[in-house]
Amino acid sequence: MSDFTPLIPIPLQIRKIIFEKFNDTDTKFTNDQIFEILKSDGDIDSSWIIDDTESLFNELCDSGLTRNIAQNFTTIFLKLFDTVEKLHCNSCSNDIYLGTAEERTCPNPSCKSSI
């Protein structure tokens, strides 16, 4: 990966995409779908491939926002545990997106403040 620094951290961009496009606990979605949206609409290094985001999707599962329901090579099929809500972090001044049952901590890797 390069020295590229996005204006909005990639984890926040991914959560926003989930909030806007897949915010239903019955909807299945994949990391590939989100990555394609990131590449076309997001602020992401153009040299990135899907493998560069694997740890970010694993973090979503570890946080309790999503669960991995299947995997096929690099494709991870996901579902939400709970719906996602939009909040604002006063510490980093970013809009953030958390599942209703997730811990109220900013998912911005450089912030992690309590909400």
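The values are calculated or read from the model by the stated rules, or taken from the named source; none is laboratory data. Remember, it's a predicted structure, so these values are computed and weren't measured experimentally. As a convention, Cβ positions derive from the backbone with ideal geometry for all residues, glycine included, and neighbour counts pool all protein chains shown.
A few comments on the model shown:
- Residue that is part of a loop (DSSP other than H, G, I, E, B), surrounded by fewer than 13 Cβ atoms within 10 Å (Cβ to Cβ) and either on the phi > 0 side of the Ramachandran plot or free of Cβ contacts under 8 Å to residues at least 24 places away in the same chain (or both), where the choices are S46, S55, S110: S46
- Residues of the range 27-43 classified as under 23 Å from E102 (Cβ atoms) and touching a residue at least 40 places away in the same chain (Cβ under 8 Å), total: 5
Here is a yes/no grid of residues against (1) over 11 Å from the mean Cα position of the chain (by Cα); (2) among the hydroxyl-bearing types (S, T, Y); (3) at pLDDT 95 or above:
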| residue | (1), (2), (3) |
| --- | --- |
| S2 | yes, yes, no |
| I8 | yes, no, no |
| R15 | no, no, yes |
| T27 | yes, yes, yes |
| I34 | no, no, yes |
| I44 | yes, no, no |
| L80 | yes, no, yes |
| H88 | yes, no, yes |
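- Inclusion of L7 among residues that are assigned to a strand (DSSP E or B), closer than 22 Å to S110 by Cα and touching a residue at least 24 places away in the same chain (Cβ under 8 Å) is not warranted.
- For first residues located in the range 78-95 and in contact (Cβ under 8 Å) with a residue 12 or more places away in the chain and farther than 17 Å from P109 by Cα, partners that are surrounded by 16 or more Cβ atoms within 10 Å (Cβ to Cβ) and among the hydroxyl-bearing types (S, T, Y) and lie 6+ apart or on another chain with Cβ distances below 9 Å form the pairs L78/T30; L78/T66; K79/T66; L80/T66; F81/T66; V84/Y97; E85/Y97; K86/Y97.
- Scoring G64 on the criteria (1) at pLDDT below 95; (2) closer than 17 Å to L7 by Cα leaves a single failure, condition (2).
- Qualifying positions in the range 74-107 - of a type in the set (G, A, S) and surrounded by 19 or more Cβ atoms within 10 Å (Cβ to Cβ): G99
- Here the range 1-17 is the region considered, the condition is being under 14 Å from E59 (Cα atoms) and among the aliphatic types (A, V, I, L, M), and the residue that is surrounded by the fewest Cβ atoms within 10 Å (Cβ to Cβ) is I10.
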